[in-house]
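Here is the structure we will look at.
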Amino acid sequence: MIWSHGRISSKILTAARIGAVRQQVAVVPAGLPAKAPKGQRARAVRPLCAAEPARKPVSASAASSPVAPVEEEEASAVDYEALAQELVGASPLEIMDRALDMFGSEIAIAFSGAEDVALIEYAKLTGRPFSVFSLDTGRLNPETYELFDKVEKHYGIHIEYMFPEASEVQDLVRSKGLFSFYEDGHQECCRVRKVRPLRRALKGLKAWITGQRKDQSPGTRASIPVVQVDPSFEGLHGGAGSLIKWNPVANVDGKDIWTFLRTMDVPVNTLHAQGYVSIGCEPCTRPVLPGQHEREGRWWWEDATAKECGLHKGNIDREDQAPKVGVNGNGSAEARAPDIFQSQAIVNLTRPGIENLLRLENRAEPWLTVLYAPWCPYCQAMEASYVELAEKLSGSGIKVAKFRADGEQKPFAQAELQLQSFPTILLFPGRTVKPIKYPSEKRDVQSLLAFVNSLR
């Protein structure tokens, strides 16, 4: 069993967004050593019973100190929308405590090997037993495997690893190769290596805890509640509504998560120090550059709205799920997100305007144009540098423009303007018909200026 000290230390109180919770006191059971003998790892949790759904994951210390039975609250008897509203201003520690209190041994934390180690720290601070599982896709970074080991030793726990079916992986690799996701998207690989193993793990539970945050991907995760009936997966008893999903850090900013991790001095993935923010499988993860959103390090060859692996598909907000309302054919995103790149130094191109620019063989002056969507976090991240660049180039003989290329304009932009993902930056030279696509992910002023000057 994992226990906490009876008094929350001043160190804990300085951690970001912990908030006030009722004091948890857990007594060390009689006969249980205060510290495990050297060389032995205490098992704070038993494995998930994914292969045997009838069994329940419980604390490994139950044999020496049985956990008091939790009074079950059936999903049908709890209004989880009302509960989410009740907890909207609660700290992650309060939400974690509530989740573990409600579900006892029938809930587990999903750990990805990134900054969601904060979930394990919060669980430890509640003083309650908890279970942890992770998805081992077979393609994680070595640093992630090292973190798994450090976390197990630091907390004295056993992480239950879920693996993909070997036959499914073999079929995928034999038919499409090792890197098919670069050509036809990552969804098929993620479905085999992540989604199906997760589904097996969740069939042994009544609830699970995730590290989703609203600021991780404003385009797809902006409406995550702190607790909900899982819209995608089934739990122990099967059927819709049989699984509850807790998101204790949904309302916490990434910077506050890191303040908490540093304050509590917990192990973290060493890839973070190398510029990695959002960490997944090795072939699909890379460091982000200054000015880039954290999700730009994932599946960078795909559109911003596709940067989800399927584990949280029920929480995805998509602009095409709402009726079209924009006068420019840009859909509901136009109503939700204010326009960006607002500057007198930037020309706002319409569809006829950019079509005319595309047809001209002898332009009076070069045009630098960004293809964007105002709701895209990556476009938002480069707004300041693009506006500064436009002001620097004002009066230089180079026009700086923008063209909104989402909604109904997207097929045209993909077919005629080389759009693959947002933002896409094009230079229309003075004497060349075909626009030249900016090839780099660096979107600071100096890098963009160097691109322009090299082609003037």
Simple label model, 7 Å out from Cα along Cβ direction - Glu81 to Asn356, nm: 5.0
Virtual spin-label span in nm between Lys255 and Ser454, 7 Å along Cα→Cβ: 3.3
Ranked by how many other beta carbons lie within 10 Å on average, peptides 124-132, 161-169 from highest: 124-132, 161-169
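Within 10 Å, count the other beta carbons around each residue, average over each peptide in 383-394, 439-450, and list them highest first.
Ranked by mean Cβ neighbours within 10 Å, highest first: 383-394, 439-450.
Per residue, how large is the accessible surface of region 80-315? Use a 1.4 angstrom probe and give square angstrom. Spell out each step's value before the answer.
Details: 8350 Å² over 236 residues.
Accessible area per residue, region 80-315: 35 Å².
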Residue list for region 394-410, given a label point 7 angstrom along the Cα-to-Cβ vector of Ala364 and an amide N cut-off under 15 Å: 395-400
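The values are calculated or read from the model by the stated rules, or taken from the named source; none is laboratory data. No experiment lies behind these values; they were computed from the predicted model shown. Neighbour counts run over all protein chains shown; Cβ positions are idealised from the backbone, glycine included. Heads up: the accessible areas ignore ligands, DNA and RNA and are worked out on the full protein's heavy atoms, side chains in. Shrake-Rupley method; radii C 1.70, N 1.55, O 1.52, S 1.80 Å.
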